[in-house]
Amino acid sequence: MSTSGTPINREWIYMLQDGTPVIDWGDGRVQDMYSGEFMPFEERDYSHGITDAELDMLKNAGRVSEYDTKNVWVSALPEPPRDMID
């Protein structure tokens with residue numbers, strides 16, 4: 001399998017209650033896989049781990065290049081905002 005993109009543990013990718021696929025970056029923050037927007041996350045927002053069918057939709061949208069049972073290769077997403085040091 002030839003893969004491009006950044007490999008991310010599949011357990012860190014899931015669906016929210018509103019149907020948004022996200023990457024969990026920790027610290028109570030997730031990233032929308034379609035828009036790249038960072039959002040606060042609370043446990044009540046969680047719906048389910050991402051399915052192959054949902055990953056196929058992300059693949060068709062160009063957000064995912066490949067996936068297997070352990071990893072998802074994610075196309076370029078915006079970097080998380082960082083605090084600037086004065």
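We did not get these values from a lab; they are worked out from the coordinates using the rules stated. These figures come from a predicted structure and were not determined experimentally.
Can you give the alpha-carbon Rg of the chain over 2.2 N^0.38 Å, where N counts its residues?
Numbers: Rg = 13.0 Å, N = 86, 2.2 N^0.38 = 12.0 Å.
The value comes to 1.09.
Close amide H contacts of Y67 (hydrogens built in the peptide plane, cut-off under 5 Å, sequence separation of 5 or more or a different chain): W73.
Along segment 4-17 the Karplus relation, 6.51 cos²θ - 1.76 cosθ + 1.60 evaluated at θ = phi - 60°, assigns HN-Hα couplings of 10, x, 9, x, 10, 4, 4, 5, 8, 10, 8, 9, 8, 4 Hz to successive residues, with x for each Gly and Pro.
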